[in-house]
Amino acid sequence: MGRQNAHQMVDTVYAALHRSILDRRLRPGQKLREQALGELFSVSRTTVRAALQRLESEGLVTIEPNKGASVSLPSVNEVNDLFRVRLVVETGIAADLCGRQPAPLIKRLREHLDKEQRAMAAKDYKTMSKLQGEFHVLLAEATESRNLIEFLTGIISRTSLVISAFEDETHSACRSDEHKTLVDCIESGNTAGAITCMRKHLGDIEVAVTAKAQQIEDGYHPMQHLLGEL
Ligand SMILES: [Zn+2]
């Protein structure tokens, strides 16, 4: 791994695993063995462990005594809790943006909606689902609060772990027409409308994600997508 210092090596392993989890190449429940990862990245087990611990602190990896690390598999209870947090934070963000209506943001959001529409028209479900998640991060970015952006990005990544447990690329929890309504409300400074829309939007996503989490609790194996429909 070249002449990197210990700190950089941890960063490299962390970033590669983080990306693989969010890109669904490593799925919930997948074991992350220190020795194998150490060999793969040509680093020590201590380096791998430090990267895994950082992912654990973000809720993406679970480390259990005697069992080692694996990609986290959120329970139904955790999903409900994550959505409770999202509801509080994201209705707050929507209200904040309605009060400011920043023009550059409105432009960025409209461009983003166009991308969502194009992906939808092309039936590119993978891109669509990525863009729909990014829409929520974009709203957080518009607050220009680094803490809020980091916090919400982490929470959204954890909710998407549930979706990532399934090969179901067509599953799209967000509805683009609701994203458009939200942007319309922000542009016109309609705080009550934006809060109502965000509540409904997140409520619908929660129902969809909870149903997935329930299926996981009923029986799931991280390799099952390789087998297809049985
Ligand atoms: Zn959405």
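Being within 25 Å of residue 217 (Cα to Cα), assigned by TED's automatic domain parsing to the domain that holds residue 209 and part of a loop (DSSP other than H, G, I, E, B), is that true of even one residue in segment 158-165? Within segment 158-165, one or more residues are within 25 Å of residue 217 (Cα to Cα), assigned by TED's automatic domain parsing to the domain that holds residue 209 and part of a loop (DSSP other than H, G, I, E, B).
Rundown of residues vs (1) touching a helix residue (DSSP H, G or I) at 6+ places or on another chain (Cβ under 6 Å); (2) β-branched (Val, Ile, Thr), yes/no style:
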position	(1), (2)
6	no, no
16	no, no
19	no, no
25	no, no
34	yes, no
37	yes, no
40	no, no
43	yes, yes
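Flag set for residue 52, criterion: assigned to a helix (DSSP H, G or I), within 24 Å of the chain's Cα centre (by Cα) and surrounded by 12 or more Cβ atoms within 10 Å (Cβ to Cβ).
This table checks each residue for (1) more than 16 Å from the chain's Cα centre (by Cα); (2) more than 16 Å from the ligand (Cβ to nearest atom); (3) modelled with pLDDT under 90; (4) not basic (Lys, Arg).
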{"position": "107", "(1), (2), (3), (4)": "yes, yes, no, no"}
{"position": "110", "(1), (2), (3), (4)": "yes, no, no, no"}
{"position": "113", "(1), (2), (3), (4)": "yes, no, no, yes"}
{"position": "128", "(1), (2), (3), (4)": "no, no, yes, yes"}
{"position": "132", "(1), (2), (3), (4)": "no, no, yes, yes"}
{"position": "145", "(1), (2), (3), (4)": "yes, yes, yes, yes"}
{"position": "160", "(1), (2), (3), (4)": "no, no, yes, yes"}
{"position": "200", "(1), (2), (3), (4)": "yes, no, no, no"}
{"position": "218", "(1), (2), (3), (4)": "yes, yes, yes, yes"}
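Restricting attention to segment 116-157, the residues being of a type in the set (Val, Ile, Thr), in a helix (DSSP H, G or I) and more than 14 Å from residue 82 (Cβ to Cβ) number 3. Taking the numbered list (1) assigned by TED's automatic domain parsing to the domain that holds residue 154; (2) exposed (fewer than 15 other Cβ atoms within 10 Å of the Cβ) in turn, residue 83 passes all entries but (2).
A search for C-beta distances below 7 Å between a residue of segment 176-192 that is free of Cβ contacts under 8 Å to residues at least 40 places away in the same chain and any residue that is not in a helix (DSSP H, G or I), counting only pairs 6+ apart in sequence or on different chains, returns nothing. What pairs can you find where one residue is in segment 97-109 and in the same structural domain as residue 131 (by TED's automatic domain parsing), the other is part of a helix (DSSP H, G or I), and their Cβ atoms are less than 6 Å apart, with a gap of 6+ or different chains? What qualifies is 97/142; 97/186; 98/186; 98/191; 98/194; 105/142; 106/187; 109/183. Does residue 131 fit the bill of being crowded, with 21+ Cβ neighbours inside 10 Å, touching a strand residue (DSSP E or B) at 6+ places or on another chain (Cβ under 8 Å) and closer than 30 Å to residue 216 by Cα? So residue 131 does not fit the description; no.
Pull up segment 115-126, narrow it to residues that are farther than 20 Å from residue 164 by Cα and of a type outside the set (S, T, N, Q), then point me to the one that is nearest to the ligand (Cβ to nearest atom). If you could, list the steps in order and put the result at the bottom.
Step one: filter segment 115-126 for residues farther than 20 Å from residue 164 by Cα, giving 115, 117-118, 121-122.
Right, trim to of a type outside the set (S, T, N, Q) and you get 115, 118, 121-122.
Working: 115: 14, 118: 17, 121: 18, 122: 19 Å.
Here the answer is 115.
Regarding residue 191, is this residue in contact with a Cys (Cβ under 6 Å, 6 or more places away or on another chain), of a type in the set (S, T, N, Q) and either away from the ligand (no atom under 13 Å from the Cβ) or at pLDDT 85 or above (or both)? Here the answer is yes, as residue 191 does meet what is asked.
The values are calculated or read from the model by the stated rules, or taken from the named source; none is laboratory data. Quick caveat, the model's predicted, so the values are computed rather than measured. So basically every Cβ, Gly included, is an ideal-geometry build from the backbone, and we count neighbours across all protein chains shown.
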